[in-house]
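Trainee: Just passing along the structure, written as structure tokens.
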Amino acid sequence: MILSDKEILLAIAKEEIIITPFQKECLGTNSYDVHLGRYLARYKDHILDAKKHNTIEHFEIPEEGYVLHPNTLYLGVTEEYTETHTTVPFLEGKSSVGRLGIDIHATAGKGDVGFCNTWTLEISCTHPVRVYAGMPIGQLIYFRVAGEIENYYNKKKNAKYNKRTIKPVESMMWKNKF
């Protein structure tokens, strides 16, 4: 079941959902709008290796914006830090962003119960497009979980994305055993 605006507000009041900064005008009927943070990143190497730590270079979006180009993967980050303790958050792009040809995630649209951080965005585009820090970029939708949680993400010993950050985080696939 998707939480309505009133249910999201109740969960925030109970600190089951934390959104910082929170702006009530960003609350939709059943979602919360998130914004593009001021940092983007690109991988340093052209060829990525799933077994290797692929490093990234961060850069700040200038006031006049930054032009994204097709066939390049950019990592972005949300301005908002979020925590979810009883719900499963899903991050989706806003239709206005999609209509500019921007995808904000390739596969990582779902968070786990216990996820406490900013969201790293996997940004690609179909046409060159200028983006700006602070622009609406996506929306969080919250789903109720049936049953008790045994393994919260923020308490897992092998969780790879627990370190709080205001910058995009590269893939940690290399930490997996395969």
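Okay, residues lined up against (1) in contact with a Phe, Trp or Tyr (Cβ under 6 Å, 6 or more places away or on another chain); (2) surrounded by fewer than 16 Cβ atoms within 10 Å (Cβ to Cβ):
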{"position": "Met1", "(1), (2)": "no, yes"}
{"position": "Asp5", "(1), (2)": "no, yes"}
{"position": "Glu25", "(1), (2)": "no, yes"}
{"position": "Leu36", "(1), (2)": "no, no"}
{"position": "Asn54", "(1), (2)": "yes, no"}
{"position": "Glu57", "(1), (2)": "no, yes"}
{"position": "Ile61", "(1), (2)": "no, no"}
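Trainee: Follow-up. Determine whether the range 146-167 contains at least one residue that is in contact with a Ser or Thr (Cβ under 7 Å, 6 or more places away or on another chain) and of a type outside the set (Val, Ile, Thr).
Mentor: no
Trainee: Is one or more of the residues making up the range 145-167 at pLDDT 95 or above, within 16 Å of Tyr32 (Cβ to Cβ) and outside any helix (DSSP H, G or I)?
Mentor: no
Trainee: Moving on. What pairs can you find where one residue is in the range 62-80 and closer than 13 Å to Tyr43 by Cα, the other is surrounded by 13 or more Cβ atoms within 10 Å (Cβ to Cβ) and among the charged types (D, E, K, R), and their Cβ atoms are less than 7 Å apart, with a gap of 6+ or different chains?
Mentor: Between residues of the range 62-80 that are closer than 13 Å to Tyr43 by Cα and residues that are surrounded by 13 or more Cβ atoms within 10 Å (Cβ to Cβ) and among the charged types (D, E, K, R), the close pairs are Thr72/Arg42; Leu73/Glu122; Tyr74/Arg42; Leu75/Glu122; Leu75/Glu170.
Trainee: Restricting attention to the range 13-23, report how many residues are loosely packed, with under 15 Cβ neighbours inside 10 Å and of a type outside the set (Phe, Trp, Tyr).
Mentor: Within the range 13-23, residues that are loosely packed, with under 15 Cβ neighbours inside 10 Å and of a type outside the set (Phe, Trp, Tyr) number 6.
Trainee: Checking the condition under 17 Å from the mean Cα position of the chain (by Cα) and not hydroxyl-bearing (Ser, Thr, Tyr), which residue from Ala41, Ala146, Ala50 passes?
Mentor: Exactly one of Ala41, Ala146, Ala50 is under 17 Å from the mean Cα position of the chain (by Cα) and not hydroxyl-bearing (Ser, Thr, Tyr), namely Ala41.
Quick grid of which residues meet (1) touching a Pro at 6+ places or on another chain (Cβ under 9 Å); (2) surrounded by 14 or more Cβ atoms within 10 Å (Cβ to Cβ):
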{"position": "Ala133", "(1), (2)": "yes, yes"}
{"position": "Gln139", "(1), (2)": "no, yes"}
{"position": "Phe143", "(1), (2)": "yes, yes"}
{"position": "Glu148", "(1), (2)": "no, no"}
{"position": "Tyr153", "(1), (2)": "no, yes"}
{"position": "Met172", "(1), (2)": "no, no"}
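Trainee: Quickly run through the range 95-126 and pick out the residues that are surrounded by fewer than 21 Cβ atoms within 10 Å (Cβ to Cβ), over 21 Å from Lys160 (Cβ atoms), over 13 Å from the mean Cα position of the chain (by Cα) and not hydroxyl-bearing (Ser, Thr, Tyr).
Mentor: Selection gives Gly98, Arg99, Leu100, Gly101, Cys125.
Let's see how each residue does on (1) closer than 18 Å to Pro168 by Cα; (2) of a type in the set (Asp, Glu); (3) in a loop (DSSP other than H, G, I, E, B):
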{"residue": "Glu15", "(1), (2), (3)": "no, yes, yes"}
{"residue": "Asp33", "(1), (2), (3)": "no, yes, no"}
{"residue": "Ala41", "(1), (2), (3)": "yes, no, no"}
{"residue": "Asp49", "(1), (2), (3)": "no, yes, yes"}
{"residue": "His58", "(1), (2), (3)": "yes, no, no"}
{"residue": "Leu75", "(1), (2), (3)": "yes, no, no"}
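The values are calculated or read from the model by the stated rules, or taken from the named source; none is laboratory data. Small disclaimer: the values here were computed from a predicted structure and weren't measured. No Cβ is skipped: glycine too gets one built from the backbone with ideal geometry, and neighbour counts run over all protein chains shown.
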